[in-house]
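Each remark here refers to the structure printed beneath this line.
The values are calculated or read from the model by the stated rules, or taken from the named source; none is laboratory data. Bear in mind the structure is a predicted one, so any value in this text is a computation, not a measurement. Don't worry about glycine lacking a Cβ; one is built from the backbone with ideal geometry, like all the others, and counts go over all protein chains shown. Please note that ligands, DNA and RNA were not included when accessible areas were found on the heavy atoms of the full protein model with its side chains. Shrake-Rupley method; radii C 1.70, N 1.55, O 1.52, S 1.80 Å.
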Amino acid sequence: MNEDQKKKIRRQYVYLVNNLTDPRSTGLVEHLYQDGVIEERDRQIVESKAATKDAIKHLLDAVMNSSHQGAFDCFLKLLEEYRQDYLANVLRQSDSPDGTGLCEVCPEASKSPATIVCLDCYQDMCSTCAGCHKRTRVSKDHIIKEITAAVTDKCQVHPCLDLKSYCPQCDVLICERCILDIHKGHADAWKDATTAAEELKCKVNGIIKEIKDITLNKPSIQKEEQKRLADLDEQRLVAKQAIETREDELYKLVKTGAEEAKEKVDKAYLDIKLQLQITKTIETLEKQLKAYEDKVNGASVSSVVKNHAEWETSLKEMLNTLSPTSPVPVLRFQTITWTETAIQQAMGTVVIGEITPTLITQHQLQCSKDPLEFPTAVDSMPGGDVVVGTGCNDETKCRIIICSSTGDIKKEIKVTGLLGLTVLRDGTIAATVWDGSTQEVWIYTKHGVVKSAFKCSKPGRITVNHEGHLVVMDASTATCGKVMVYRTDGTQLRVFTDTSSKPARYTKCITTTPSGDVIVSDPNDRCIRVYTPEGQLRYTYGWEGVMKCSHGVCVDEDGTIFICDFYADNIHQVSPAGQFMRYVLTDKDGLWRPQAVCINQEGHLVVAQQDGWIKTYKYK
C-alpha cells in the first residue's frame, strides 16, 4: 500500500471513530493478532490506550503498516464478520486507485464513481443519485457528505502552499510550513484538514442529532409537559391551602392575643377605678374625725399629754387617705409600629424550586453481623457528638455509642434490652430498658454512669418535650400503645392512648414538636399521628399508598417534620400543619433503609441507616 492510499484511508478515520465498536471489547484486536496482522507490541499499545479514539487510530496505522501479506484485506474481512460492512466498504473505496468506489444506486451496467455518502442509509452514490436522494420525500432529510473533500485554499502567510492541515489549538487551517513555523509546538497541528473537518462536522451533527431526537420525541415530551403542568397546578393548590391554613393559625393567635389584651384592659380599669373611688372612704372618715374632735376638745391636760402622739399618728394616716392621687392614671391601648413586618414574617415566603440536600459527613458503625446488630435510635449531644442506640437479635449485646460527627467513638455503653434513647438538655442520656427482669428508664451521664432510674411499664421509644419531661411510648405489641409523660425523677404526669387501626406488630417511634405536640410514627398503619400535649388527636399524615413503612421521626426548630420511610428508602418532609412538602432524601441521594433521624445543634439532618451508616445532611 503506497503513501497516497494510506493518506486517503486516514481521511476516513472519522467514520471509524463514530461507527466502529470499541475493537478491544469485541475481540477484533485479539483476532487480528492471532491472524498475524498486527504484532504483539501493537496489540499491547491498542489495549493500553485510555480512549477508544486513540485505540482505533493506532490499530488502523498498525494494519496499514503491517508486513503481513494482505493485512488490509484481512482487516476488511474481519470488519464484515463483526457486522461492520459499511466501514469495510468505506475503507475499501478509499484503497482504490482513484480514492473512490462506485455508486451503489446507479444501474450495474453504467455505474458512476461514488463521491457522496448518505450517513442515514450508509450508501455511497454519485452526485446525480445524491441529488435524487435529497429530492425524494422519504430521504430528503437525510444527511449526505462528500467522501473526499479537497482543500484548495491557499495560505496567506505562504501563498504558494495549500491549507492542508488543521491546528486545533488555534482553530485555523494551516500549510505545511506553518506547522514548522508559526504553529510549532502546538498539539496536533499536523492533523489533516479534511479529516479534521469531518470530525468537526460530526461534532456539529451530533448536536443536530440531539436536537432532532428531541423534536422526534415531541409526543412523549408533550405528555411529560402535561404531567408537569398538572403537578404545578397541584403545587399551586397545596401552596394556597398552606397559606389559608397559616391564615387561620394567625387569626386564632390574633384573636387569643386580643382577648388577653382586653382582659388586661379590664384589670387596669378596675385598679384605677378603686384608686379614684374615695367618696365612701370619706364618709367613714368623717365619723372617725367627729369622734377625735370630741375626744380632743373634752380631754384633760394629762390625757392630752399622754395620748397626743397616738392621736397625731392616726390623724396623719387619715389625712394621707384623703389626699387625692396625683397625677390621675391614664388608661389607653398602645400599638406597635412593626405589625405589618411581623405578619409578613409569620406568613412565610413562596419558594420556587427544590433545595438539594448536601452530604456533610458520613461514617459507618462497626456492627455485629452474627448476631445481627443495627441502629434503632439516634440523637445529638449539645456539643455536636452523635449518640446512637443499637438493637440486636441477642438483646444482651445492645449498645449506646457516643461518637464525634466524623465517627470517632468516644464511649460505648452495653445495655441489655435497650429499646430507645434521647439526649436531655444537660447532656445526660435517658434510655429505655426492657428485658426479662427490667422495665425501667435509666438516665446516664455522658461518661456512661447510671445517674438515676425509675420504673416504667413496657417502655419503648423515648423522647424529651419542650418542658424537659420524658415522653415514653409503650413498646408492647399485644395492647394499644400508651404514651406516658414523666418528670426526670420518675413522677408520672399524664397518660393517653395511641390506637392503631391495624394489629400492632411493630414498635412505634415518637418525638415532640417545639409547641409540645406529640408525634407517634406508626409502622403498622404506615402513618404518623399528631396529638396535643393532653392527648387529643390533631391530624394524621400518611397511610397506605403514601408511605410503605413510617419509622424514625424528628422535628426541627420551625416545626417541620421529617419521617423515615424505611422500605421506600426516602424521608418525607412535612409541614407543621401535616402537608407533604417534598422527599428531602431518596435512594438517589444514597439513602438506604433509614431507621432513625434527628436534628443536630447546627440544624442539620442526621440519619441512621440499617447498615450502620450515620449520615449528616444540610437540607436548607
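Miscellaneous remarks
- When residues of region 542-577 are limited to those that are among the acidic types (Asp, Glu) and part of a strand (DSSP E or B), the one nearest to the chain's Cα centre (by Cα): 565
- Scanning region 444-456 for any residue that is farther than 20 Å from residue 413 by Cα, surrounded by 13 or more Cβ atoms within 10 Å (Cβ to Cβ), among the polar types (S, T, N, Q) and touching a residue at least 24 places away in the same chain (Cβ under 8 Å) turns up nothing.
- Among strands (runs of 3 or more DSSP E) entirely within region 102-200, having at least 2 residues that are out of contact with any Gly (no Cβ under 7 Å at 6 or more places or on another chain) and not polar (S, T, N, Q) singles out 116-118, 144-146, 165-167, 172-174.
- Scope region 574-586; condition closer than 12 Å to residue 555 by Cα and without any contact (Cβ under 8 Å) to a residue 24 or more places away in the chain; matching residues: none
- One residue from 247, 234, 224 being farther than 16 Å from residue 582 by Cα, acidic (Asp, Glu) and out of contact with any helix residue (DSSP H, G or I) (no Cβ under 9 Å at 6 or more places or on another chain): 224
- Complete set of residues in region 509-528 that are among the charged types (D, E, K, R) and open to solvent by 10 Å² or more (accessible area, probe 1.4 Å): 517, 526
- Selection from region 386-429 of residues that are open to solvent by 30 Å² or more (accessible area, probe 1.4 Å), of a type outside the set (Lys, Arg) and without any contact (Cβ under 8 Å) to a residue 60 or more places away in the chain: 393, 394, 395, 396, 406, 408, 409, 412, 416, 426
- Among residues of region 469-502 being in a loop (DSSP other than H, G, I, E, B) and small (Gly, Ala, Ser), the one that is farthest from residue 540 (Cα to Cα) is 490.
- Of all residues in region 359-398 being among the charged types (D, E, K, R) and under 21 Å from residue 566 (Cα atoms), the one that is modelled with the highest pLDDT: 379
- Within region 480-494, considering residues that are over 14 Å from residue 468 (Cβ atoms) and of a type in the set (Lys, Arg), the one most open to solvent (accessible area, probe 1.4 Å): 482
- Top-ranked residue of region 234-289 - restricted to ones that are closer than 30 Å to residue 311 by Cα and aliphatic (A, V, I, L, M), ranked as least open to solvent (accessible area, probe 1.4 Å): 285
- Some residue of region 185-207 being among the acidic types (Asp, Glu), free of Cβ contacts under 8 Å to residues at least 40 places away in the same chain and open to solvent by less than 90 Å² (accessible area, probe 1.4 Å): yes
- Residue check, residue 569 on the phi < 0 side of the Ramachandran plot and of a type in the set (D, E, K, R): no
- Selection from region 380-411 of residues that are charged (D, E, K, R) and either over 19 Å from residue 609 (Cα atoms) or touching a helix residue (DSSP H, G or I) at 6+ places or on another chain (Cβ under 8 Å) (or both): 394, 395, 410, 411
- Subset of region 497-527 [at pLDDT 95 or above and over 16 Å from residue 471 (Cα atoms)]: none
- Test: residue 597 is touching a Leu at 6+ places or on another chain (Cβ under 8 Å), assigned to a strand (DSSP E or B), aliphatic (A, V, I, L, M) and under 17 Å from residue 509 (Cβ atoms): yes
- Condition broken by residue 220, with the remaining ones in (1) closer than 22 Å to residue 57 by Cβ; (2) free of Cβ contacts under 8 Å to residues at least 12 places away in the same chain; (3) of a type outside the set (D, E, K, R) satisfied: (1)
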